[in-house]
Structure formats: C-alpha cells, structure tokens
2 protein chains.
Amino acid sequence: METKPTRRGSKQKMAVLDATKRLSNHPTAEDIFFKAKEEIVSISFSTVYRNLGILVKEKELIPISGPGSEIHYDHVINNHCHIQCRVCGKVRDMNVPAVDFSGILPSDASGFTVDGVCVTFTGTCRDCQVETDTKGEQK
Amino acid sequence: METKPTRRGSKQKMAVLDATKRLSNHPTAEDIFFKAKEEIVSISFSTVYRNLGILVKEKELIPISGPGSEIHYDHVINNHCHIQCRVCGKVRDMNVPAVDFSGILPSDASGFTVDGVCVTFTGTCRDCQVETDTKGEQK
DNA sequence: ATTCATAATAGGAACTATTCCTAATATAAA
DNA sequence: TTTATATTAGGAATAGTTCCTATTATGAAT
C-alpha cells in the first residue's frame, strides 16, 4: 500500500517540531511548550510531552539528558556531542567527533544490544564563569 | 566500630558510602537508602541524598545520568563508560575506553570550561530482550 | 564533667519534571 | 452523515529530589 493517509502530522505535533527547530538550541519541554503556544494558544503540556515522545521515536528529535534533571531536545539528529553547564543547565553542541558505537561488540556490552550513545560533557559556560568571578565564589 | 567519629565522616555518611560500595552496581538513591537502612534503621531519605551530594563533591562517588530520570551512583571513580537499559533502567560498566576530555580545547567548548564527561550508551539488556521476545513484540 | 556552638540528623512538606487518565473533539473513511 | 479512531486539553497523579525545621550528636573550651 502507498502512503497511508493517517493523521501523521497534527497541527499540534507540527507546532511542537517547529518550535523545537525555531528555538534551535536544545530547548526543554517547557521552552517548547511556550514557543508552541505562540502558534496554538490552547496547546497543553501533555500534548507537548506526548508529541515529543512520538517525535523521538520517529527520530525527528533526539533527547539529551545530562547532570540536570530536565531533558533537552535537539532537532539536529546527526551523531554529535553536547556540553551542559552545571550552573545554569544550558546545553550547547561540541565540536568534537561523536563516539561511534557501530563497532561496539556484544561482549563489550555484557549482553546488551546497543542502539545509541549520549556523550555529555559538563562544565561551566562563559556567562556563569563571569557570575562566579563577580561573586568571588569557589564552591 | 569503635573508631572515634569525626565530623568529617558521620555514621550515616559512612553507611551511605558503604552501601554504595556493597551494592557495587550503580545503585540509585533508593537502593542505597534501603541498603544503608540495614546498618542504621533510622536513616532518612534526606540524609542519604545530602550525603550522596557531599560524597560526589568529595569525589568519592560519581553520579551517572542517562535517558531515565533517576541518578545512579558509582563508587568506581576512574574514567569509564556506562550502558543503560532503556526498558528496565539497569546500568552496567562498558569495556570500551572512556572519552578523554583532557585534550578538549576551550574553543571546542564555545567558552565553556570542561570538567567532566559522561558517556552513556543505551540499549536493551539481556533480560529485557528475553521478555520482549516472549511477548513477541518489536517496537 | 558541664557548657557551648555548631554540624548533622529524621521526618515530612514542597517542588519539579514527567506521565497518566478521561471526557471531549477532530479527522478520515465508508 | 455516520462511524471508528486518533488526538486533544486539562488536570490529577507519580517519581525523584530538594528544602525546611525542630531535635540530636559532637568536639572544643572551660
């Protein structure tokens, strides 16, 4: 059968994807919610979460999780690394080659099948370095 | 034990560290709480969390965060990779060389200072593969 | 040993991110 | 138009973690 005319792209789902792309720098679900609200005022948080989950399964987005509890989303789906600021939680891309997990042997993974890898560096972003300096802190 | 208790290592803090070591395989705060309870019945969740935070700062433990929301803790503090099962959340060590971030240039990190890296592979552990097969699923 | 200042505690409330539930609505196919 | 089903908004529920507070334990100084 050819293209099944199902509801593959509801307005809300498209709004979620668009919002993520327009924000462009690893937004959280909350960021995406407010951005999508600009298009569809009535959109709800659960709709955002549900569609984010769907878009991740469809490989339109990748989730990034680091030391913070929030999940960030990236519409750039090629294999690359991220760095997250320990202070403010901000996430940025890194210009270092991503880990290639295609060569990982089953034995290396102690019985696991491997389907992905998430490389997240941690550190302090420029803004937060400045703030720390200003306060003369060091903890 | 009869060693003089100092402020630096309260009974509870030591119980938290011991529990993590005895569990040995990347326990969550909850796992550690119940294990530590075997030593100190009255220990509370907040004491576990507070001491886990302290132990991480003191570099006695490292926190592991992956696709799931829970933080796992590792008492093996040398640089190594982990793999987490998408289905059950289990974490295991990986026999692949860890990413060496000592050569990361500031320019690569777009103004960030880099202080660590977390490499977490994702996949499905043997147990969960079996369960999936049993159910005849494939998603 | 008693007093004192303070570090650490237990317990629980509060918080945050996320998931779940349900009745209502929108959509495509018949 | 009718029907079956996907999707929705809204809010309740959950899970993991942090925060708050009165109380207790500790080491130092008397």
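The values are calculated or read from the model by the stated rules, or taken from the named source; none is laboratory data. Note that the coordinates shown come from a computational prediction; the quantities given were computed from them, not determined experimentally. Positions of Cβ are backbone-derived with ideal geometry, glycine not excepted, and every protein chain shown enters the neighbour counts. Accessible surface is based on the protein model in full, side chains and every heavy atom, while ligands, DNA and RNA are left aside. Shrake-Rupley method; radii C 1.70, N 1.55, O 1.52, S 1.80 Å.
Just for strands (runs of 3 or more DSSP E) wholly inside region B:36-131: which have at least 2 residues that are polar (S, T, N, Q)? Before the answer, list the steps.
On the way: elements: B:62-65, B:71-74, B:81-85, B:91-94, B:113-124.
Answer list for region B:36-131: B:113-124.
Would you mind stating whether A:Ala19 is near DNA strand D (Cβ under 9 Å from one of its atoms), of a type in the set (A, V, I, L, M, F, W, C) and part of a helix (DSSP H, G or I)? Explain how you work it out, then say what you get.
On the way: near DNA strand D (Cβ under 9 Å from one of its atoms): no; of a type in the set (A, V, I, L, M, F, W, C): yes; part of a helix (DSSP H, G or I): yes.
Taking the combined requirement at face value, the residue does not satisfy it.
Within region A:117-135, count every residue that is open to solvent by 50 Å² or more (accessible area, probe 1.4 Å) and either charged (D, E, K, R) or at pLDDT 85 or above (or both).
So the answer is 5.
I'm trying to understand the selection: among the residues of region B:83-107, which are within 10 Å of chain A (Cβ to nearest Cβ) and within 16 Å of DNA strand D (Cβ to nearest atom)?
B:Gln84, B:Cys85, B:Arg86, B:Lys90 - these are the residues of region B:83-107 that are within 10 Å of chain A (Cβ to nearest Cβ) and within 16 Å of DNA strand D (Cβ to nearest atom).
Find the residue count for region B:14-33, including only residues that are over 21 Å from B:His80 (Cα atoms) and loosely packed, with under 14 Cβ neighbours inside 10 Å.
Summing the residues that are over 21 Å from B:His80 (Cα atoms) and loosely packed, with under 14 Cβ neighbours inside 10 Å in region B:14-33 gives 1.
Exactly one of (1) more than 22 Å from B:Asp100 (Cβ to Cβ); (2) open to solvent by 40 Å² or more (accessible area, probe 1.4 Å); (3) assigned by TED's automatic domain parsing to the domain that holds B:Glu30 is unmet by B:Ile40. Its number?
Against the list (1) more than 22 Å from B:Asp100 (Cβ to Cβ); (2) open to solvent by 40 Å² or more (accessible area, probe 1.4 Å); (3) assigned by TED's automatic domain parsing to the domain that holds B:Glu30, B:Ile40 comes up short only on (2).
Do you know which residues across region A:91-116 are under 20 Å from A:Pro67 (Cα atoms), touching a Phe, Trp or Tyr at 6+ places or on another chain (Cβ under 8 Å) and open to solvent by 30 Å² or more (accessible area, probe 1.4 Å)?
Matches in region A:91-116: A:Arg92 only.
Report yes if A:Asn78 is in contact with an Asp or Glu (Cβ under 6 Å, 6 or more places away or on another chain) and either of a type outside the set (Asp, Glu) or more than 16 Å from DNA strand D (Cβ to nearest atom) (or both), otherwise no.
no
Across region B:1-52, which residue is modelled with the lowest pLDDT among those that are within 14 Å of chain A (Cβ to nearest Cβ) and more than 10 Å from DNA strand C (Cβ to nearest atom)?
Taking region B:1-52 first, the residues within 14 Å of chain A (Cβ to nearest Cβ) are B:25-26, B:28-29, B:49, B:52.
From the residues that got through so far, the ones that are more than 10 Å from DNA strand C (Cβ to nearest atom) too are B:25-26, B:28-29, B:52.
Working: B:Asn25: 84, B:His26: 93, B:Thr28: 95, B:Ala29: 96, B:Leu52: 96.
Selected residue: B:Asn25.
Please specify each residue of region A:31-52 satisfying the condition of being more than 7 Å from DNA strand D (Cβ to nearest atom) and in contact (Cβ under 8 Å) with a residue 24 or more places away in the chain.
First pass over region A:31-52, keeping only residues more than 7 Å from DNA strand D (Cβ to nearest atom): A:31-39, A:41, A:48-49, A:52.
Residues satisfying the conditions are A:Ile32, A:Ala36, A:Glu39, A:Val48, A:Leu52.
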